[in-house]
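Where a number appears in this text, it was derived from the coordinates with a stated rule and is not lab data. Note that this is a predicted model, so its numbers are computed, not measured. All Cβ positions, even for glycine, are placed from backbone atoms using ideal geometry, and neighbour counts span all protein chains on display.
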Amino acid sequence: MFTRYPRAGEAKTRMIPRLGAVGAARLQQRMTEHTFTRCRTAVRMATNRTLEVRYAGGTGTLMRRWLGEGVRCLPQGDGPLGERMFRAAAVGETGRTVIVGSDCPALDADLLDRAFAVLADHDLVLGPALDGGYYLIGMCRPRYELFADMPWGTGRVLALTLARAEALGLRVARLPALADVDRPEDLAEWERHRPVDAVFAVTAAASGDDRKPEEVPAAAGREGFRVSPALSVVIPALDEEHHLGATLAALDYAPWQELVVADGGSRDDTVAVAREYGARVLVVAAGRGGQLNAGAAAAAGSRLLFLHADTRLPAGWAAAACRLLDEPGVAAGCFALRIDASDPRLRLVEAGVDLRTRLARLPYGDQGLFMYRRFFAAAGGYPDQPIMEDVALARRLRRLGRIVQLPLPAYTSARRWQRLGVLRTTLVNRLILSGSALGVKPETLAAWYRGDFR
């Protein structure tokens, strides 16, 4: 199977104008998983078959982390596509070899099995694509002439391949013609054939499996292959169309990560923005604590990151967070707060938050709070209260272990400081934090947050 590692900006590039870079990469991920299932099933239909994944982009470690440690993954190597395909076919020159891509969702195990069967009395088998190419090529002995100087990506590939096969005197069999998914107008074909729940399966990781991403094997769900994400990002949102896109774009995309947006009934385009970036969207009752709990319940990852819709994380955040959570005695982690404005007074606010986080181990929600699912469950999740749900959870977590702040910055919107003023916002925040520590009712704290001090 030929495929590409789904890195945003490098995968399914012709889909980017419609889906965005992250959405196109997620499509590449899901289509690869869909095809991989069928290849694996076809391999199991006969005892003498093996499956090999030839990849472009990424590394062997990333591919195995994604598809499973037991999968044989090799780089396609350099050169034109035809040369890469010929090299792959030459590996199996002592037997029958079938090569497929990952962009034909109608391809199934029965067709693959049929391709191997017809090679018993044919030299070549082709699966014609409706765009003039082919979605499958199988042979008993690789012939370089079938691959060299081919105008790949055009509607002439199939016709030229057939003409060359005839000139070589090869006996050719054809499978049914199917559609590829290469361009935005082809997306309806994917929708017709994709598994209904082809995002993630809730497997062992959802019940507290704490293995590292590379240790999580490929999982076979009811509808086929699934990847259980090792880390789920949960974002509560309400009318955040102007901030959510930047937040989602800043997240390092990887197939072993999951994005869940718990929307509280937005009246703007928040939901559309979330879906554009490939996030799974839940529509739940408004209330940040409840939204966060709903997102965590729906998420499949063994690690959870709770992130505000107006907070952007830096490159490398995922690896740093996972490493921190694997340190002994750590219950949760967060990032260093950075307020996205140039006002020098905000640097003093940041310094105060940094000091409080390090000494009191009480981060705010806009610092991004992450933990293993088992710690979230042991702490009882977020309390059902109108404000300070993040600090309340942090107080419970610090009884279970250390809360550690990473030096990496989390850039949060300065809109509240700019709207109310830096001094007033800071004083109100301090008052609310002190009131919370003294046992003031959350409803009263919420009134103070709104400016009602009666």
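Points worth noting:
- Each pair of Cα atoms in segment 319-431 enters the Kirkwood radius, and Stokes-Einstein at 10 °C and 1.306 mPa s then converts it into a translational diffusion coefficient of 108 µm²/s.
- Nitroxide proxy distance, nm - points 7 Å out along Cα→Cβ at E10 and A447: 5.7 nm
- Principal semi-axes of the equivalent ellipsoid, √(5λ) from the alpha carbon gyration tensor of segment 18-90, are 22, 18, 12 Å from largest down.
- Rounded to the nearest 5, the antiparallel percentage of DSSP beta bridges internal to the chain is 35%.
- Summarising the amide proton neighbourhood of F2: residues at separation of 5 or more, or on other chains, whose placed amide H is nearer than 5 Å comprise R54, V100, G101.
- Degrees between helix 344-360 axis and first principal axis of the chain (Cα, 0 to 90, nearest 10): 90 degrees
- For segment 337-405, the residue among Q385, A341, M371 whose Cα projects farthest onto the positive side of the dipole built from Cβ charges is M371.
- Nearest-ten-degree value, helix 81-91 long axis tilted from longest Cα axis of the chain: 70 degrees
- Computed over segment 1-126, the ratio Rg/Rh where both radii use C-alpha atoms and Rh is Kirkwood: 0.97
- Volume of the convex hull of the chain (Cα atoms only), normalised per residue: 148 Å³.
- Cut-off under 5 Å, modelled amide H: who pairs with V330 long-range: R402
- Amide H contacts of L282: V261, A262, D263, each under 5 Å away and 5 or more positions distant or on a separate chain (H built 1.01 Å from N in the peptide plane; Pro and chain starts excluded).
- Ordering of 274-282, 119-127, 427-435 by packing is 274-282, 119-127, 427-435, highest average first (other Cβ atoms within 10 Å, averaged per residue).
- Separation of segment 286-338 from segment 51-111 is 35 Å, based on Cα centroids.
- Rg(Cα) / (2.2 N^0.38 Å) computed for segment 229-416, rounded to two decimals: 0.94
- Only beta bridges with both residues in segment 229-416 are counted; by DSSP, about 25 percent of them are antiparallel.
- Share antiparallel - DSSP beta bridges, segment 323-449, percent rounded to 5: 10 percent
- In the chain, the longest principal axis of the Cα atoms and the axis of helix 288-298 are about 30 degrees apart.
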